[in-house]
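The values are calculated or read from the model by the stated rules, or taken from the named source; none is laboratory data. Everything numeric here is computed off the predicted structure, so don't read it as measured data. Neighbour counts are summed over all protein chains in view; Cβ atoms, including those assigned to glycine, are modelled from backbone coordinates with ideal geometry.
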Amino acid sequence: MKNACPCYSGKTYAGCCQPLHDGLAAPDAERLMRSRYSAYALKLPAYILQTWHVDTRPATLTQEDLSGIKWLKLQVLSHEQVDAETAFVKFVASFQNGQQKKAQLTEHSRFKKVDARWVYVDDQGKT
């Protein structure tokens, strides 16, 4: 698909993650997680920081920090809405590092709703 969204939703970027990157609030934690994956793939550090909980985000994140990794594929395994303000998303992200080695990251991400917007908090268990 031409202009496919990097998050592998099957939609175009303009019809999927771009509106979130432009400031629209994500309707749920899965959409936020997908938009964050796309932001990593597109190297959008400001968006990644903006959608990271203030208590757990790094002080800085630059395009240079994001270089060296090519994100290849995203597969969402589960999305669990615990309550109105807490959700978990488990996913597998495939990537290639600077040495051209392919690898996978499996993460069980925790999200919180803060001021009516979902934010990434932390990983509840990498494998």
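Quick notes on this structure:
- Residue in segment 60-73 that is of a type in the set (S, T, N, Q), farther than 16 Å from L20 by Cβ, touching a strand residue (DSSP E or B) at 6+ places or on another chain (Cβ under 7 Å) and touching a residue at least 24 places away in the same chain (Cβ under 8 Å) present: no
- Per this entry, A46 is counted among residues that are within 14 Å of V119 (Cα to Cα) and either free of Cβ contacts under 8 Å to residues at least 24 places away in the same chain or surrounded by fewer than 19 Cβ atoms within 10 Å (Cβ to Cβ) (or both).
- Top-ranked residue of segment 1-60 - restricted to ones that are hydroxyl-bearing (S, T, Y), within 20 Å of H79 (Cα to Cα) and in a loop (DSSP other than H, G, I, E, B), ranked as nearest to the chain's Cα centre (by Cα): T51
- On inspection, V82 fails the criterion of being under 20 Å from K102 (Cα atoms), part of a strand (DSSP E or B) and either of a type in the set (K, R) or over 10 Å from the mean Cα position of the chain (by Cα) (or both).
- Long-range neighbours under 7 Å by Cβ, at least six apart or interchain, first residue assigned to a loop (DSSP other than H, G, I, E, B) within segment 91-112, second among the hydrophobic types (A, V, I, L, M, F, W, C): N97/I69; N97/A103
- Number of the condition not met by Q75 [criteria: (1) outside any helix (DSSP H, G or I); (2) farther than 17 Å from P6 by Cβ; (3) at pLDDT 95 or above]: (2)
- Candidates A116, A87: the one that is more than 19 Å from C5 (Cβ to Cβ), touching a helix residue (DSSP H, G or I) at 6+ places or on another chain (Cβ under 9 Å) and among the aliphatic types (A, V, I, L, M) is A87.
- Test for C16: is it in contact with a Lys or Arg (Cβ under 6 Å, 6 or more places away or on another chain) and either in contact (Cβ under 8 Å) with a residue 24 or more places away in the chain or not β-branched (V, I, T) (or both): no
- Subset of segment 74-108 [surrounded by 14 or more Cβ atoms within 10 Å (Cβ to Cβ) and within 19 Å of G10 (Cβ to Cβ)]: L74, V76, H79, V89, F91, V92, A93, S94
- Filter result for D65 (under 19 Å from D123 (Cβ atoms), at pLDDT below 95 and not aliphatic (A, V, I, L, M)): yes
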